[in-house]
Every structure is written in C-alpha cells, then in structure tokens.
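The values are calculated or read from the model by the stated rules, or taken from the named source; none is laboratory data. Not measured: the values here are computed from a predicted model. Because the Cβ atoms are built from the backbone with ideal geometry, glycine has one as well, and the counts that use them run over all protein chains shown.
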Amino acid sequence: MQKDSGASRREFVAGALGASVVSMLSPGLPAWAAGAQRSLKSIAAEKGVLFGSSVGAGKPGTLSASFDDAGYLDILKRECAVIVPENELKSYVIAAQSGTYDFERGDRIAQFAKDNNLKMRGHTLLWNRVEYTPKWLLDHVGSLSAPAAEQFLRDYIQRVCTHYGTQIHSWDVVNETVAPKSGQLRDTPFTKVLGFDALRIAFEAARTYAPKAQLVYNDYMSWEAGNEQHRNGVLKLLEQFKAKQVPVDALGVQSHIGNVGGIQDTQHQPWRTFLDEVVAMGYKLLITEFDVNDKDLPGDPTRRDAQVAAIGKGYLDLMLSYKQLDQVLCWGMVDKFSWLQNFSKRADQTPQRPTPYDDNYRPKPLREAIAAAFESAPKRG
C-alpha cells in the first residue's frame, strides 16, 4: 500500500484545522462553549449512532479509578448513552485467582448503568495475549488436552456472559489476537493447544450464552503508516471467520489515533480500502476506544488542543461516512484519567490531552469536534 505524500498530509491537517476547529465554533464563544448545551449522545442519536465512553473502577488514586470521581460520572450521565468497563471484565480481574470469580468491580459499573439508563458494552471475554492473562490461567490451559481446553474456555465464557445476561448488548469476544508485525495469530497457550479453534470456540460460546448480544472482534490496527501488516492480518482473520461460519457480527476499531506511527503520517486511501473490504464481507463497524495520542504535537495547550480536535474530526468524518458504523466510544472522557498518561509519555513531560474534557472537567475543542462530526454524518437506517 502506498502512503499519502507529505504534502497531502499537511493539506489535510491545515484543512481540518480550518474546517473542524474554527468554522464549527460560533463567533464570540470560547472554543469549549460552542454547542455545549446539547449532549453528545443526543447529537449522535439523531444520526442513529450510540455514543459513550469507558469508565474504570480500579484502585483509588490511579488512572483507572474514574468511577470513583463524581465529576467524571456527571460527564458520563450528561454526555453518554453507553459505557464500557475498562478492565473490570477482563480475566485478570474476574479470575485473578484459580477457582474464583470476582465480579464486584464489574457489578458496580453495571449497577451505575442500570441506575442511569445507560447501555453497557462488555470488554473482553478473551484477550488473547500472554502479558494480560493471569499466570495460573496460562499454566492451566497449557497443561490441558484440546477437548479439556475447549471445555474450560466455554465454561469461562458461560460464567461471565450469564452473570450479566442481556444487560450487555455488545461483547468484545476476542481482543487483539493478531500480532501487528507479522499479521499472524499471537502465540498463546490457547492457540498452542487449540489453534484457530480457540477463537471459533470463544465466539460460538458467546453466541450460546449471550444470544442477543452483538459479537465483536476488537483490535488496534489504525490508519497511520506502519500498520499495514496488522491490517492485512485482521482482514485474513475476518475472511477466515466468514469461511468457517464463525458468528462474528462486527469489527471493533479501537481508534487510538497516533499510538502506532506518526500522528500525521496517515494513509487515507489504504485505510478506506481496508474498511471497504471489511464491510464488503458483511461486518458492521464500531469505534470502541477513541482517543488522540498527542505525544508528537506542540507543547502549547491551545495549539495542541486545536490539532487534536482537527485530527480527531478528520478521522471521525471518515469513519462515520460508513453507515455500517453505529457506535462510537471514547476511551475516557477526562484527560487526567487517560491510560495514555502512563503508556505514552510526552518528551516535554507535560500531561497528555487526548480526551474531550480537561482535568477540570471543562470541554475542550475535541469535544466540539466530536459533536461536529456527528452533525455532519449521514443518518443511519
């Protein structure tokens, strides 16, 4: 695939800055105030799109503890129609110890969703990566025969899916199983014992025990240069799902913009070609984890926020042009709780500003860029 020229990238950023940040703001209003009266969920709903965010019930005082923050919860209630637990439904939380299931943290978020009439996504039933799986589980699966490993996986998915029942309308059944450098399945005890069948079994079990839920394969391939092998591997996997009649409904596009490759080194046409191939196979699309990594952008907060908003709107405009995409979730709504603060530090040591709201719960240009993208999106259905 050929990447766009440097001139094209500069034209894109310049054009997006003009169209996405300046012209969308009403004269005389500060950047954060324009359109602030209308919630993102209501603007999105007018186009048939479900808008929401992640929330974390982790250790108090950490980046993953947004659920304990009243200001964060107020934003969720005001802006979102759907929420997804960041870590609380992953195996290293639910099954941290052998023979035990701990749903306490996930249940707190589920009750909040019920109390506030919010939909809920599930993330994730099988995160097929060694580094994010409890050691006891890796050792256990690695010691099993193929039939026993299959039964273990089915039993685990049954336990988790039936615990939350129909409250979860969409599950990330398998997460990040394609190695980005090779495009092949990651080497884990599940794939060593079961091969591709580990993925098939996970989706079949999810269909059995969450029959009304949307079943999603979720991954972080992106539109920047350097993601070519990852995209190709995901396409091959989706083709294999189709050929073997695995019950996969949609591709979850994580959309951590700027994480892999230069933030302005985008490949617009190759990215469209990738999405075209996905939807041609009959898959739906959803944005599951949107944020904008600003590690390569200027230190000045005003300039940086403007560029984050421009890049974010350019990406959302492209994605929302596909009517197969009807869900958009941010991976956090407030900068100080973003996982990127630890995962991807800036060279100047200033905090990242990757989400729609700043540390004082004030909406930023990215919030208005998201609103503008919904406003200009074609209506679904």
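Within the range 197-208, the residues that satisfy the criterion of being surrounded by fewer than 21 Cβ atoms within 10 Å (Cβ to Cβ) and more than 24 Å from LYS135 (Cβ to Cβ) are ARG200, GLU204, ARG207, THR208.
Out of ARG121, ARG154, which single residue is touching a residue at least 12 places away in the same chain (Cβ under 8 Å), crowded, with 22+ Cβ neighbours inside 10 Å and either more than 18 Å from LEU199 (Cα to Cα) or over 19 Å from the mean Cα position of the chain (by Cα) (or both)? Within the list ARG121, ARG154, the selection yields ARG121.
In the set VAL216, VAL278, VAL246, only one residue is at pLDDT 95 or above and in a strand (DSSP E or B); that residue is VAL216. Note on the range 262-276: residues that are surrounded by fewer than 17 Cβ atoms within 10 Å (Cβ to Cβ) and touching a residue at least 24 places away in the same chain (Cβ under 8 Å) amount to 6. Inside the range 349-368, residues that are in contact with a strand residue (DSSP E or B) (Cβ under 8 Å, 6 or more places away or on another chain), part of a loop (DSSP other than H, G, I, E, B) and of a type in the set (Ser, Thr, Tyr) make up a count of 2.
Yes or no, residue by residue, for (1) out of contact with any strand residue (DSSP E or B) (no Cβ under 9 Å at 6 or more places or on another chain); (2) in a helix (DSSP H, G or I); (3) on the phi > 0 side of the Ramachandran plot:
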{"position": "VAL308", "(1), (2), (3)": "no, yes, no"}
{"position": "VAL328", "(1), (2), (3)": "no, no, no"}
{"position": "ILE370", "(1), (2), (3)": "no, yes, no"}
{"position": "PHE374", "(1), (2), (3)": "no, yes, no"}
{"position": "PRO378", "(1), (2), (3)": "yes, no, no"}
{"position": "GLY381", "(1), (2), (3)": "no, no, yes"}
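Residue-by-condition table, conditions (1) touching a strand residue (DSSP E or B) at 6+ places or on another chain (Cβ under 9 Å); (2) buried (at least 20 other Cβ atoms within 10 Å of the Cβ); (3) among the hydroxyl-bearing types (Ser, Thr, Tyr):
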| position | (1), (2), (3) |
| --- | --- |
| ARG38 | no, no, no |
| GLY48 | yes, no, no |
| SER54 | yes, yes, yes |
| LYS59 | no, no, no |
| LEU63 | no, no, no |
| PHE67 | yes, yes, no |
| LEU73 | yes, no, no |
| LYS77 | no, no, no |
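Filtering ASP187, ASP172, ASP139 for residues that are within 18 Å of TYR92 (Cβ to Cβ) and surrounded by fewer than 16 Cβ atoms within 10 Å (Cβ to Cβ) leaves a single hit, ASP139.
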